[in-house]
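J.: Please read through the structure below; I'll follow up with questions.
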Amino acid sequence: AGELPEVLVTSSCSKNFGLYRDRVGALIVCAQNAEKLTDLRSQLAFLARNLWSTPPAHGAEVVAAILGDSELKGLWQEEVEGMRSRIASLRIGLVEALAPHGLAER
């Protein structure tokens with residue numbers, strides 16, 4: 001926080017929880033001090049109200065239920081790892097298929 005006075009970090013849970021329609025995610029805010037944080041919170045609340053008056057809670061409740069239960073969280077982590085491994089394998093296969101054509105370095 002010393003190098004960056006304010007930091008906003010966003011995260012989406014829509015794809016990795018299969019909640020595409022629900023647009024589940026988070027915004028993490030770090031500020032220099034409590035006053036700045038209060039100002040940022042006020043501005044973000046204003047922006048959010050202009051986008052929607054009552055956002056759906058269903059997606060957030062699904063994510064909270066999964067992450068709040070150690071068994072469900074473990075199953076979810078296994079599934080995400082399986083997807084990560086598959087994507088990595090597909091990338092390797094693509095590079096290997098492109099290499100004979102001189103396209104893998106691009």
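J.: For the peptides 83-96, 53-66, what is the packing order when you average, over each peptide's residues, the other Cβ atoms within 10 Å and list the highest mean first?
T.: Numbers: 83-96: 10.5, 53-66: 13.1.
Going from most to least packed, we get 53-66, 83-96.
J.: In vacuum, with every alpha carbon of the chain counted as one equal point scatterer, what does the Debye formula give for log10 I(q)/I(0) at q = 0.11, 0.14, 0.15 Å⁻¹? Two decimals, please.
T.: The Debye formula, applied to the Cα set alone, gives -0.62, -0.84, -0.89.
J.: Also: Counting only helical runs of four or more DSSP H residues, what would the 222 nm mean residue ellipticity of the chain come to if each run contributes -39,500 (n - 2.57) and the total is spread over all its residues?
T.: Values: 3 runs with 57 residues, N = 106.
After summing the helix terms and dividing by residue count, I get -18500 deg cm²/dmol.
J.: For helix 70-98, report the angle its Cα long axis makes with the longest principal axis of the Cα atoms of the chain; keep it between 0 and 90° and round to the nearest 10°.
T.: With rounding to tens, the tilt is 50 degrees.
J.: If you line up the long axis of helix 58-67 against the longest principal axis of the chain, both from Cα atoms, how many degrees apart are they, to the nearest 10?
T.: The helix 58-67 is inclined about 70 degrees to the chain.
Any read-out appearing in this document is the output of simple, stated calculations on the displayed coordinates, not a laboratory observation. Given the structure is predicted, the values throughout are model-derived calculations rather than measurements. So basically every Cβ, Gly included, is an ideal-geometry build from the backbone, and we count neighbours across all protein chains shown.
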